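Please treat every number below as a calculation from the coordinates, not as lab data. Remember, it's a predicted structure, so these values are computed and weren't measured experimentally. Heads up, the Cβs are rebuilt from the backbone with ideal geometry, glycines too, and the neighbour counts pull from every protein chain shown.
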Amino acid sequence: MSVTEAPDRTPSPSTHTAFLEVHDLSVHFPTEDGLVKAVDGISFAVERGETLGIVGESGSGKSVTSQAIMGLHKGSRARVSGQILFEGRDLVRIREEEMRLLRGKQIAMIFQDPLSALHPYYTVGNQIVEAYRVHNDVSKQAAKKRTIEMLDRVGIPNPDSRFSDYPHQFSGGMRQRAMIAMALVCDPHLLIADEPTTALDVTVQAQILELMKDLQREFDSAIILITHDLGVVAETCDNVVVMYGGQCVEYGGVDDIFYKPEMPYTWGLLTSMPRMDRTRTERLNPISGQPPSLINVPSGCVFNPRCAYREHVPGDACVTDHPDLLEVVPQHAVRCHIDPDVRRRIWSEQIRPSL
Amino acid sequence: MTTIQSADGVAPIHPAADDPDALLAVNDLKVHFPIRRGIFFKRQVGAVKAVDGVSFSVRPGETLGLVGESGCGKTTTGRAITRLIDPTSGSIRFEGQEVARLGRSQMRPLRRQMQMIFQDPYSSLNPRHPIGTIVGAPFRIQGVEPEGGVKKAVQTLLERVGLNPEHYNRYPHEFSGGQRQRIGLARALALQPKLIVCDEPVSALDVSVQAQVVNLMEDLQDEFHLAYVFVAHDLSVVRHIADRVAVMYLGHVMELTDRDVLYTEPMHPYTHALMSAVPVPDPAKENRRERILLKGDLPSPINPPSGCVFHTRCAKYREVLSDAEKERCRGEVPVLETKRPGHFVACHYPEARQDIALAEDAGVEGETVA
Ligand SMILES: Nc1ncnc2c1ncn2[C@@H]1O[C@H](COP(=O)(O)OP(=O)(O)O)[C@@H](O)[C@H]1O
Ligand SMILES: Nc1ncnc2c1ncn2[C@@H]1O[C@H](COP(=O)(O)OP(=O)(O)O)[C@@H](O)[C@H]1O
Ligand code: SF4
Ligand SMILES: [Mg+2]
Ligand SMILES: [Mg+2]
């Protein structure tokens, strides 16, 4: 690999290890067209009771990151490197059998499309019973009781009778709830939610996000929430990873990301979205161009072909040198060559007033 | 109410459709899809009331936003206006001419004036044709010979929507989602229509690309004096692009008014719920917002609730109204009425609320983490 041997500046406190720590994770796929660098050196940490948001446009590597944490690339052609430290173990290195014991029990996942998790030929209830019994040595009766409790807990009306329904008999929102019930039936400590509300109406999204928050309080779980919606991030997350072209380009607490962002891509996301909560602007301010190819990743800064602020960097560093993800203050890291003082000035003088 | 000569004879015209300057006036439009059963003889056993008495108008050069949850009838309304499907009843007037019951051949000259674009441009672009052929198709179908020839006209169009005219011979799969939407726009523009019905045109696009396409649509509107019926479920996008907005629920228009009025003082409890559910990209505002959660699922349009179709999920009904008032909600259909000038609301107990959309900058400064 190129210049990425920079020291790992993970925003992690040195005194203790976080509940989940991801260090310099890369996932590369060899393909006929070349090496797809779907995820390239991302780092973050999540504590129990906290929600980490991963935000970025489609193809930026969000799902591949979550699949890596779930160990879903094991046994495939994918080249996974870096560390995923979870309860004292490195998930990158453990074997598939060990991973299988964690999956569904300690770590669970929900998806955008519940039908990818629910089998059409089995009743919703029996699928949750099975998910429970894989990890818990209990009778069918006990598992059924637990399942009905869970269905009730996630807000499915008449859980006794809905237990025997098939997935297609549920509405979109109800299916999402059923999938959440299945993911949470074993009390996982870490829940990964990959665009859990993207296919839903905002009214149903509000219900589901509310439910996830309640459940998080109840079970003290850590949540990784993957989304492309900055509104959802503002509503639910404590910390945020902004991904672009497979890389983490900015990491910080939710207030830093929304009130003091420093990476031009984060600025671009904020200026391009129409907002309901601000004075209406005459024109939206898009980022020009298209997201990069992950096979021919731009040299230098991965964002440089679309960046409107390169003039603030002397010489052609943007095009030739890959910037490190550097902490500007504790817990806020930025991958950009512009001088931090200049970045702050651009944000407060140019960008913020235009939002 | 005035009356006009509609296709059914003399029908009352709803004030929301009563605009002498309207390019498009839709009055009491209904689209019911029959449900048929039976082995030898299919008989109708019911109907999906997808659109159930919708009225609105659109002026030349204006954008009317159509919002609401999925299944509320937005697409069906758009398809009925452009006559891709037949309305069950009601009137659709385009430049004063009744078009609701015109046949295919009678519609042909009007197709030049009214176009439609879709959420997934890919599914509406023939994958086996190069984009030059696709964008030029309207000329051939309508038998129009543009000045300088079809190829030149197509290249001008491609350039106008921000595509490279040299890519005339490329196929749809060679373009990204945003570029395909541009191709769809170029095709829709070919015959210089006066109205484009846009069905979720930017819903599938990433936010940075979405902004590019929204800006393009606004430029094209100014340049060609286009009117848009802009169907979307994203209320923030609609606030940006629309001049007026109709909020739909279960086949009905619940509220219809100017964009600025709707987003500062929405009156219908459904609009309140819908707007309060949109998460805004500001953590401090998110923390102090009241969210009006809707209970339960959308009822079926086959068997919609009595009285106000929204009463089964309405927070006001559930938490505020007296038993006598509730009875009215269950028993009497609220008509879409003028509650304030130009502000139509279909609710027995509407209430202008300024705390919902947060469309003001108030307080932001103070809350910013210093
Ligand atoms: N198994 C695979 N083989 C090759 N490329 C892949 C594979 N899975 C994902 N990719 C590529 O990795 C990139 C990141 O994908 P993904 O993580 O799904 O993005 P998103 O941020 O939209 O979730 C995309 O370019 C995608 O095409
Ligand atoms: N061809 C059809 N036959 C039967 N029902 C239909 C048909 N098209 C749409 N519907 C139903 O009509 C209602 C409105 O659909 P639609 O107009 O697509 O809503 P929206 O675009 O607001 O999501 C839905 O209940 C839908 O299932
Ligand atoms: S490093 Fe350079 S190209 Fe990249 S975002 Fe910063 S200024 Fe732009
Ligand atoms: Mg994804
Ligand atoms: Mg639709």
Order of B:Glu159, A:Glu47, A:Glu57, B:Glu290 under a 10 Å beta carbon neighbour criterion, fewest first: B:Glu290, B:Glu159, A:Glu47, A:Glu57
Shape parameters for segment B:193-325, alpha-carbon atoms, Rg then Dmax in Å: 17.1, 54
Label-point separation, B:Asp21 to A:Thr198 (7 Å along Cα→Cβ), nm: 4.3 nm
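Shielding of A:282-291 by partners, i.e. mean partner chain Cβ atoms within 10 Å per residue?
On the way: counts 2, 6, 12, 3, 11, 6, 2, 3, 8, 4.
Partner-chain Cβ atoms within 10 Å, mean over residues of A:282-291: 6.
Using only alpha carbon pairs under 8 Å that are at least six residues apart, calculate the relative contact order of segment B:130-190 and give it in whole percent.
RCO, segment B:130-190: 48 percent.
Return the FRET efficiency for the residue pair B:Lys152, B:Gln192: r is the Cβ-Cβ distance, R0 is 22 Å, and the value is rounded to the nearest 0.05. Let's see the in-between values first.
Numbers: r = 15 Å, r/R0 = 0.70.
Step by step, r from the Cβ atoms, then E = 0.90.
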Once you charge only the Cβ atoms, +1 for Lys and Arg and -1 for Asp and Glu, what is the size of the charge dipole of chain B about its Cα centre, to the nearest 20 debye? 1920 debye
Quick one: what are the phi-derived ³J(HN,Hα) couplings along segment B:19-34, Karplus 6.51/-1.76/1.60 with θ = phi - 60°, whole Hz, x for glycine and proline? 9, x, 8, 5, 7, 10, 10, 10, 10, 6, 6, 10, 10, 10, 8, x
Along the Cα→Cβ direction, 7 angstrom out, place labels at A:Ser58 and A:Asp341. What is the inter-label distance in nm? 4.4 nm
Sites B:Arg291 and A:Arg48 - FRET efficiency at Förster radius 45 Å, r taken between beta-carbons, to 0.05: 0.95
Whole-Hz couplings from phi, Karplus 6.51/-1.76/1.60, listed for segment A:230-235; x for Gly and Pro: 5, x, 4, 4, 4, 6
Exposure proxy check: B:Val280, A:Val124 ranked by fewest other beta carbons within 10 Å? B:Val280, A:Val124
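When you look at the Cβ of every residue in A:197-204, what mean number of other chain Cβ atoms sits within 10 Å?
Details: counts 1, 0, 1, 2, 10, 12, 15, 7.
What the average comes to for A:197-204 is 6.
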Expected max-MSF residue from B:Met116, B:Met217, B:Met248 in the GNM of chain B (alpha carbon, under 10 Å) is B:Met217
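Run through the DSSP bridge list for chain B and note the antiparallel percent, rounded to the nearest 5. It would help to have the intermediate numbers written out before the result.
Details: 34 of 51 bridges.
Roughly 65 percent of the DSSP beta bridges within chain B come out antiparallel.
Under the definition of Cα pairs under 8 Å and six or more residues apart, what whole-number percent is the relative contact order of chain A? The partial results should precede the final answer.
On the way: 640 pairs, mean separation 70.2, N = 355.
It comes to 20 percent, rounded to a whole number.
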Here the FRET efficiency for A:Asp152 versus A:Ser299, based on Cβ atoms and R0 = 51 Å and rounded to 0.05, is 0.40
Within straight cross-link reach of B:Lys74, meaning Cα distance under 24 Å, which lysines are found once same-chain residues fewer than 8 apart are removed? B:Lys30, B:Lys49, B:Lys194, B:Lys295, B:Lys339
Along Cα→Cβ, 7 Å out, is where each label goes; now give me the distance between the ones at A:Glu97 and A:Val134 in nm to one decimal. 1.7 nm
Sequence-distant residues sharing a close amide H with A:His332 (under 5 Å, placed H): none
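Is any helix in chain A, taking whole DSSP H runs, at least 20 angstrom long along its axis by alpha carbon and on average at least 0.0 on the Kyte-Doolittle scale, and which ones? Mind showing how you got there, number by number?
Working: long enough: A:202-219 (25 Å, 0.04).
Counting only whole DSSP H runs, the qualifying helices are A:202-219.
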Select from A:Arg345, A:Arg133, A:Arg280 the residue whose mean-square fluctuation is largest in a Gaussian network model of chain A (Cα-Cα springs shorter than 10 Å). A:Arg280
Under 5 Å, built H, 5+ apart or other chain: amide partners of A:Gly53: A:Leu225, A:Asp238, A:Asn239, A:Val240, A:Val241
Any residue on another chain or 5+ positions along whose placed amide H is under 5 Å from the amide H of B:Ala47 is listed here as B:Ile35
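Tell me the mean residue ellipticity at 222 nm calculated for the protein assembly as shown from its helices only (DSSP H runs of n ≥ 4, each -39500 (n - 2.57), averaged over every residue, nearest 500).
Values: 26 runs with 229 residues, N = 725.
Computed mean residue ellipticity for the protein assembly as shown: -9000 deg cm²/dmol.
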Read phi for every residue in segment B:137-151 and hand back ³J(HN,Hα) as whole Hz from Karplus 6.51 cos²θ - 1.76 cosθ + 1.60, θ = phi - 60°, with x for Gly and Pro. 4, x, 4, 5, 4, 8, x, 9, 10, x, 4, x, x, 5, 4
Take chain A, connect every pair of alpha-carbon atoms lying under 10 Å apart with a spring to form a Gaussian network, then pick out the residue of A:Asp324, A:Asp201, A:Asp24 with the largest mean-square fluctuation. A:Asp201
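Rule-of-thumb check for the protein assembly as shown: C-alpha Rg over 2.2 N^0.38 Å?
Numbers: Rg = 27.0 Å, N = 725, 2.2 N^0.38 = 26.9 Å.
Scaled against compact globular proteins, the figure is 1.00.
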For B:Asp120 and B:Ser89, compute 0.36 nm times the residue count separating them, minus their Cα-Cα distance, and round to one decimal in nm. 8.3 nm
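When Cβ neighbours within 10 Å are restricted to other protein chains, what is their mean count per residue of peptide B:202-215? Spell out each step's value before the answer.
Working: counts 1, 0, 1, 2, 11, 14, 16, 8, 5, 11, 7, 2, 5, 5.
For this peptide, the per-residue mean of nearby foreign Cβ atoms is 6.
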